[in-house]
Amino acid sequence: MRYANITGWGKCLPPAALSNDDLSTFIDTSDDWIHSRTGIRSRRIAHVSTSALASVAASHALAAAGMQANQLDCIIMATASPDSMVPSAASAVQQSLGAGRAAVFDINAACTGFIYGLSVGSALIKAGSMQRVLVIGAERLTHYLDWTKRDTAVLFGDGAGAVILEASDQPLGLLADKLGCDSEARNILAVPNSGTDRRRFEHIDGLFEVNFEGKEIFKRAVKGMGDAAAHVLDQAGVTEQDIDLLLPHQANIRIIETLAKKMALPPEKVMVNIEQYGNTSAATVPIALCEALEQGRVKPGALLLTAAFGAGLTWGAGVIRWGDRVTPLSQSDAILAPCEHSALELLAPAIAGCRLAHGD
């Protein structure tokens, strides 16, 4: 039987950090208000495109796997904020990496996108049609935010994470997964009027909004992630006590703590980095995985559980058996183009535009 082992990993976080105190200079909020409700103290603001973030993360993942880009069979890009709808952001990553022989496509499952991509990439390898697959979660969600709306402006950040999957005859990688969608309430977390539903010439101000019904999202997120996690544990024939580390979607510290409590997992078995980055949507899980490896929290042979919930309302979970290697085979020198501005300076035009659109 074929498996899809994770052999490389990499992340990319833009350098400009927007703190809660920075937000309080133009929104009626405070560090205490934000942190107590979300667990967030800072988030990153990209000065480059989503595909640029993805390409740097991918370069680090390739180096960690000791692989060249032209060896890739497929690039799967999980994002809800691509550079363009046509062509795909994945094609821009292919071009940047020089991965000319790889098939490419985007997946939009919002915050669950990376788990969807991991499932699809693993299935392609298990089916025998692919040998080496790059899966990326990358977002530039700050592009969509209405910077006059406190409830959503404080939540999101930009970033990217990536992994390399390689065919293996050992039972490694994604051993069990469950994907789904709770579309009955799909509008409680949405960017309305953002696709072809948006009437041309009628909204020339360029204003977007994130519809976010926090209490209902919390309830459905805990249930969706919890049910999916229980399913994959049963599917893999393991229990909560067998899990070495939980890698949850980093949306809200209260959701993470509730899920961990439901599964009776102590803090040392739960990866949390939302404080520094906020919700980077499809990028949260791979970024968290990279940082867990950097911190020595993933040991050879470790059993990992990941779960996520996003707009749609998509949900998913997976059980991953880690391989023997927890350090990169090599390092990439890939970096983003220099950023000469602070996060507040980068956002200044968007903040002014949002205020103008609201008549402020």
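Name the residue from Val210, Ser342, Gly180 whose Cα lies farthest towards the positive end of the charge dipole of the chain, charges +1 on Cβ of Lys and Arg and -1 on Cβ of Asp and Glu.
Farthest towards the positive end: Gly180.
Semi-axes of the equivalent ellipsoid of segment 45-135: what are they in whole Å, largest first, if each equals the square root of 5 times a C-alpha gyration tensor eigenvalue?
Taking √(5λ) for each eigenvalue gives 19, 16, 12 Å, largest first.
Can you tell me the FRET efficiency between Met85 and Thr239 if r is taken as the Cβ-Cβ distance and R0 is 41 Å, rounded to the nearest 0.05?
For R0 = 41 Å, the calculated efficiency reads 0.45.
Please report, in whole Å, how far the alpha carbons of segment 1-158 spread along each principal axis, starting with the longest.
54, 30, 27
Largest first and in whole Å, give the semi-axes of segment 1-89's equivalent ellipsoid, each being the square root of 5 times a Cα gyration tensor eigenvalue.
34, 16, 13
I need the calculated FRET efficiency for the pair Lys299 and Ala352, taking r as the beta carbon distance and R₀ as 56 Å, to the nearest 0.05.
With R0 = 56 Å, the Cβ-Cβ based efficiency is 0.70.
What GluC sites (Glu not before Pro) does segment 253-360 have in DSSP loop regions with at most 11 other beta carbons within 10 Å?
Taking segment 253-360 and a limit of 11 other Cβ atoms within 10 Å, the loop GluC sites (Glu not before Pro) found are Glu340.
Counting other Cβ atoms within 10 Å, which trypsin sites (Lys or Arg not before Pro) in segment 217-283 have at most 11 and lie in a DSSP loop? Walk me through the numbers before you get to the answer.
Working: sites: Lys219, Arg220, Lys223, Arg254, Lys261, Lys262, Lys269; in loops: none.
Here no trypsin sites (Lys or Arg not before Pro) fit, given the DSSP loop and packing criteria.
For helix 253-262, report the angle its Cα long axis makes with the longest principal axis of the Cα atoms of the chain; keep it between 0 and 90° and round to the nearest 10°.
40 degrees
Taking the Cα centre as origin and putting +1 on Lys and Arg beta-carbons and -1 on Asp and Glu beta-carbons, what dipole magnitude results for segment 1-102, to the nearest 20 debye?
Its charge dipole is roughly 440 debye.
With the contact rule set at Cα under 8 Å and sequence spacing of 6 or more, what percent relative contact order holds for the chain? Write down the numbers at each step before the final one.
Working: 882 pairs, mean separation 96.0, N = 360.
About 27 percent, as a whole number.
At 1.002 mPa s and 20 °C, plugging the Kirkwood radius over alpha-carbon pairs of segment 103-253 into Stokes-Einstein gives what diffusion coefficient in µm²/s?
Rounded, D is 119 µm²/s.
Kindly report the accessible area of the chain per residue (heavy atoms of protein chains, probe 1.4 Å, no ligands, DNA or RNA), in Å².
42 Å²
Leaving ligands and nucleic acids out of the surface, order Thr79, Thr148 by accessible area at 1.4 Å, largest first.
Descending accessible area places them as Thr148, Thr79.
Helix 284-294 against the longest principal axis of the chain: what's the angle in degrees, Cα atoms only, rounded to the nearest 10?
Long axis of 284-294 versus the principal axis of the chain: about 60 degrees.
Given axes a ≥ b ≥ c from the Cα gyration tensor, I'd like to know whether segment 270-360 is rounded (a/c under 1.5), prolate (a/b larger than b/c) or oblate.
Oblate.
What number do you get for segment 16-65 when its Cα radius of gyration is normalised by 2.2 N^0.38 Å, N = residues?
That ratio works out to 1.58.
So what's the angle, to the nearest 10 degrees on a 0 to 90 scale, between helix 343-357 and the longest Cα principal axis of the chain?
Long axis of 343-357 versus the principal axis of the chain: about 50 degrees.
Choose one of Ile274, Val104, His60: the residue whose Cα lies farthest towards the positive end of the charge dipole of the chain (beta-carbon charges +1 Lys, Arg; -1 Asp, Glu; about the Cα centre).
Val104
The values are calculated or read from the model by the stated rules, or taken from the named source; none is laboratory data. Note that the structure is a prediction, hence the values are computed from the model and not measured. Cβ coordinates were reconstructed from backbone atoms using ideal geometry, including for glycine residues, and neighbour counts include every protein chain displayed. The area values use the complete protein model at the heavy-atom level, side chains included, leaving out ligands, DNA and RNA. Shrake-Rupley method; radii C 1.70, N 1.55, O 1.52, S 1.80 Å.
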